[in-house]
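The structure appears right after this line, and notes come after that.
The values are calculated or read from the model by the stated rules, or taken from the named source; none is laboratory data. None of these values were measured; they are calculated from a predicted model. Cβ: placed from backbone, ideal geometry, glycine included. Neighbour counts: every protein chain shown.
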């Protein structure tokens, strides 16, 4: 994955594109404590079970596991606490309308630093059925075979 200047990708949710059909992604800021930022910079984060929920207060990232910072001491954070996401009101309303439709959820795709600020990329997604996943795998295999044949020529 190519990184643009000023952006350092910390973690990506690789299963998200396999499990969901994703709409246009959004960039959201994250409200973090100091020990969480230090753990993020060290790459000690997992988006495996993470999801995003729209509440009355705003949008929250839930179940994202950020390991406690080793040198944190008494000021450390809880690893899976809800983290508030910073979005514009129109974006929040769009996400709220999207999740009210049956089968849609908000999926975190990656966490990265952009100009020193922690950001999370989220997208509205609909869960894929098993036959859709098989179709995607078959397409990928045929493309791989075609590339191999073209390379041999």
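The table below gives the values:
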| read-out | value |
| --- | --- |
| Which numbered condition residue 58 misses (of (1) at positive phi; (2) out of contact with any helix residue (DSSP H, G or I) (no Cβ under 7 Å at 6 or more places or on another chain)) | (2) |
| Restricting segment 58-68 to residues that are touching a strand residue (DSSP E or B) at 6+ places or on another chain (Cβ under 9 Å) and assigned to a loop (DSSP other than H, G, I, E, B), the residue that is farthest from residue 111 (Cα to Cα) | 58 |
| Test: residue in segment 20-35 that is modelled with pLDDT under 85, closer than 23 Å to residue 128 by Cα and surrounded by 18 or more Cβ atoms within 10 Å (Cβ to Cβ) | yes |
| Of all residues in segment 46-57 being assigned to a loop (DSSP other than H, G, I, E, B) and more than 20 Å from residue 10 (Cα to Cα), the one that is nearest to the chain's Cα centre (by Cα) | 55 |
